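A short worksheet on the structure shown next.
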Amino acid sequence: MKDFSVVPAEEIFVFHDLVDRGYSDDRIIEEINTHAESYSELIDDGEIDYISAWHFTSHRLRESIENKGLKTRDDTNMPAQHLDAPSHEDKVYFSTEDGYVNAGRGMTEKIGGMPIGFQAYLNPDNLVRDEDTSFMHDYSESGLDQTSFYLISLATLGNVAHQGNIYRNQDLAPPGESFIVDWKTYNEDGIRLPNFVLDQFKSRIRAAEREKSSEDPSKIRNGLESVRDNFDTQITFDEARKLLNNQKGSLY
């Protein structure tokens, strides 16, 4: 890999540290603005080429992502995970390395598998703020240009949005474009079954235990375990989309 000047998102994310110091809300806003402005100057001066951040999903999509890169919902046609506040279809969302693993867990609740994080080097020119930070920070108090608001997003929530797709590796990425550099799974809980599968089995177990069915609860539990390996398989974006679209209720 070529030598680049890369700053990890963790280095920019300072909100929790400021809270731990006991700073007032006004002091926290002031410190975040100053912190973001200092990184903006470094980027403008060409001293930072990329920001390293992580995208989380289910490990069942690993091969698809390795083959095609990280795609926006415009390209995958995936439904938004948060129906009450849907993500933008032309963006891919990133966070610090350990800052948003719940996003991966949320996807495993829908399509099964284990949480997985993809690390990417992101071109700052393609970054914009995560919309959620507008609830925590008044951007009008910052001395930053709007194109640098993503730095406040990173400093406040550790989250950021990337406009457009992420190339699957550096060799395929045109100069200056963002690309994947690594991935890792988070399998402390093993393979998770989707909620819709768990709910079906739990409903049968409850009915059997209350003698509302003739089934043996222990056999139902054994059946539940027997299907777990089915969700250690790889699937395509199309297959994941069908699973998500067929499920009722709000997505995590």
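A few remarks follow.
- Scan region 155-191 for residues that are within 15 Å of Lys68 (Cα to Cα), among the hydrophobic types (A, V, I, L, M, F, W, C) and in a loop (DSSP other than H, G, I, E, B) and the total you get is 2.
- Among the conditions (1) more than 19 Å from Thr34 (Cβ to Cβ); (2) part of a loop (DSSP other than H, G, I, E, B), Gly143 misses just one, which is (1).
- Region 118-140 - residue that is at pLDDT 95 or above and of a type outside the set (A, V, I, L, M, F, W, C) and, of those, surrounded by the fewest Cβ atoms within 10 Å (Cβ to Cβ): Asp125
- Ile235 in a loop (DSSP other than H, G, I, E, B) and at pLDDT 95 or above: yes
- Here the helices (runs of 4 or more DSSP H) wholly within region 1-51 that include at least 3 residues being surrounded by fewer than 14 Cβ atoms within 10 Å (Cβ to Cβ) are 15-20, 25-44.
Residue by residue, here is whether (1) more than 16 Å from Thr156 (Cβ to Cβ); (2) in contact with an Asp or Glu (Cβ under 8 Å, 6 or more places away or on another chain); (3) not hydrophobic (A, V, I, L, M, F, W, C) holds:
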site: Val7; (1), (2), (3): yes, no, no
site: Phe13; (1), (2), (3): no, no, no
site: Asn33; (1), (2), (3): no, yes, yes
site: Asp45; (1), (2), (3): yes, no, yes
site: Glu66; (1), (2), (3): yes, no, yes
site: Thr76; (1), (2), (3): yes, no, yes
site: Tyr93; (1), (2), (3): no, yes, yes
site: Arg105; (1), (2), (3): yes, no, yes
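- Matching residues in region 198-252 - criterion: being of a type in the set (Ser, Thr, Tyr), free of Cβ contacts under 8 Å to residues at least 12 places away in the same chain and touching a helix residue (DSSP H, G or I) at 6+ places or on another chain (Cβ under 7 Å): Ser213
- Counting residues in region 100-117 that are outside any helix (DSSP H, G or I), under 24 Å from Ala240 (Cβ atoms), at pLDDT below 85 and not basic (Lys, Arg) gives one or more.
The values are calculated or read from the model by the stated rules, or taken from the named source; none is laboratory data. Everything numeric here is computed off the predicted structure, so don't read it as measured data. Quick reminder, even Gly has a Cβ in these numbers, built from the backbone with ideal geometry, and neighbours come from all protein chains shown.
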